[in-house]
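The values are calculated or read from the model by the stated rules, or taken from the named source; none is laboratory data. As the structure is a computational prediction, the values presented were derived from the model and not from experiment. Here the Cβ is made from the backbone with ideal geometry for all residues, glycine too, and neighbour counts use every protein chain on show. Surface areas here come from the heavy atoms of the whole protein model, side chains and all, with no ligands, DNA or RNA. Shrake-Rupley method; radii C 1.70, N 1.55, O 1.52, S 1.80 Å.
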Amino acid sequence: MKNKTVGLMVTGGIAAYKAPVLARELVKRGFDVVSVLTENALNFVTKCTMETVTKNKCHIQSFDDNKRYDVEHISLVKQCDVLVIAPATANIIGKIVSGIADDLLSTTVMAFKGKVLIAPAMNENMYLNPIVQDNIDKLKQYGYTIIEPEKGFLACNDNGVGRMRSISDICDAAEYACFEKKDLEGRHVLVTAGPTREMIDPVRFISNRSSGKMGFEIARAAKQRGAKVTLVCGPNNLQAIYGVETIDVITTEDMFNACMDIFDKCDMVIKAAAPCDFCVAEKYDNKIKKSIQGENIQLSFGHNKDILMELGKKKRHQKLVGFAAETQNLNEYAKVKFVQKNLDMIVANDVTKMGAGFNVDSNVVTFITGAGETGFQGTKLEVAHRMFDIINDVC
């Protein structure tokens, strides 16, 4: 998001106290952030705080005596690639729908021709008021993007819908709006991520070290490029990705069934998950007690279905990408897998290398297609985007 500027518009709802945290996260993601606060927003967050976090002037007044001779709201419009109104009160939603521009924030929104993201935050009764809902529907018709609020504990001590969407989700939405390459629009991408678990007894299981990070970044990249994305993921500790349909699974059979259910509807499948190859043949119904003396506990294993192999047999129009995480003979094993499983691409990585493999944010990979091999090193998000570049150019 370098060289992209977010105009962060903050109105006077209690959720305005989150604005500095939102601004900081946008800056961390590479955005330049310019903030505009209404007079009421100053009751919850200070101008000094926003300027400290963003390293830019915080704008309040339409007629600011700052010895500049450009028109304030027009100057702001020319700076910004996207506007994010967070929190958006019922008042600002009604004003925008009605075309009212009576302060710096509303005039800036009226003058802006780019993407405007609106994150409502208010009491549940206000949010569900038919007038407010009608206004939100009208904003959608006008092309504004509504980042729908969450259900949860509200400032008024009620528990209901109206809580501003998470900082992470709002930042994701800003990234989607600013990402210029939309070469996956109109396409449905299925991504798998993370490990699976095979139960031994009700409390123990076998699994592997996969964190799911690579698959999640692939899903994020696909969403940034305009795709409809379904993410099938095993157990993980990662933040859900805004706008991505997520299906949580546990076992390899669960993942197999989910993929088979969706496969025919997809245009592209990226199998980045690390499902267990083996399952426990005979599971214990109760927890195995360690107090058992004089007996060796023996487990017998069976083979799980090979999800990628089955998808390769079934594919018709779909592009199918697999991953080969190896510790030796990397390219040799990957090329065998590429042919056997009828893939369009395989992404090979040696998990023993520094900066590659499990539970890290970077990766070192080789993309193998029918046209040849390409090495690449970078963050997992960069790897994901490079993968899509090659798929679109070569496969």
When both residues are 6+ apart or on different chains and their Cβ atoms are under 7 Å apart, which pairs have a first residue that lies in region 122-149 and is over 16 Å from residue 95 (Cα atoms), and a second that is at pLDDT 95 or above and part of a loop (DSSP other than H, G, I, E, B)?
-> 147/165; 148/165; 149/121; 149/164; 149/165
Only one of (1) of a type in the set (S, T, N, Q); (2) within 15 Å of residue 8 (Cα to Cα); (3) without any contact (Cβ under 8 Å) to a residue 12 or more places away in the chain is not met by residue 168, so which one is it?
-> (3)
Only residues in region 330-356 that are closer than 20 Å to residue 390 by Cα and at pLDDT 90 or above count as the first member; pair them with residues that are open to solvent by 40 Å² or more (accessible area, probe 1.4 Å) and polar (S, T, N, Q), Cβ under 7 angstrom, at least 6 apart or cross-chain, and list the lot.
-> 348/331
Qualifying residue in region 294-302 (condition: within 37 Å of the chain's Cα centre (by Cα), modelled with pLDDT under 90 and of a type outside the set (Ser, Thr, Tyr)) | no
Tally the residues that are closer than 17 Å to residue 229 by Cβ, surrounded by 17 or more Cβ atoms within 10 Å (Cβ to Cβ) and in contact with a Lys or Arg (Cβ under 8 Å, 6 or more places away or on another chain), restricting the search to region 260-284.
-> 3
Of the numbered conditions (1) of a type outside the set (A, V, I, L, M); (2) more than 22 Å from residue 217 (Cα to Cα); (3) in contact (Cβ under 8 Å) with a residue 60 or more places away in the chain; (4) touching a Lys or Arg at 6+ places or on another chain (Cβ under 6 Å), residue 152 fails exactly one; give the number of that condition.
-> (3)
Is at least one residue of region 268-285 hydroxyl-bearing (Ser, Thr, Tyr) and modelled with pLDDT of 95 or more?
-> no
Which of the residues spanning region 177-199 are touching a helix residue (DSSP H, G or I) at 6+ places or on another chain (Cβ under 6 Å), open to solvent by 10 Å² or more (accessible area, probe 1.4 Å) and not charged (D, E, K, R)?
-> 179
Counting only residues that are surrounded by 24 or more Cβ atoms within 10 Å (Cβ to Cβ) and out of contact with any strand residue (DSSP E or B) (no Cβ under 9 Å at 6 or more places or on another chain), which one in region 200-249 is nearest to residue 361 (Cα to Cα)?
-> 221
Every pair of residues 6+ apart whose Cβ atoms lie under 8 Å, when the first sits in region 1-16 and is among the aliphatic types (A, V, I, L, M) while the second is open to solvent by 10 Å² or more (accessible area, probe 1.4 Å) and part of a strand (DSSP E or B) = 6/32; 15/163
Of the residues 40, 3, which single one is out of contact with any helix residue (DSSP H, G or I) (no Cβ under 7 Å at 6 or more places or on another chain) and at pLDDT 95 or above?
-> 40
Please specify each residue of region 1-50 satisfying the condition of being among the small types (Gly, Ala, Ser) and surrounded by fewer than 18 Cβ atoms within 10 Å (Cβ to Cβ).
-> 30
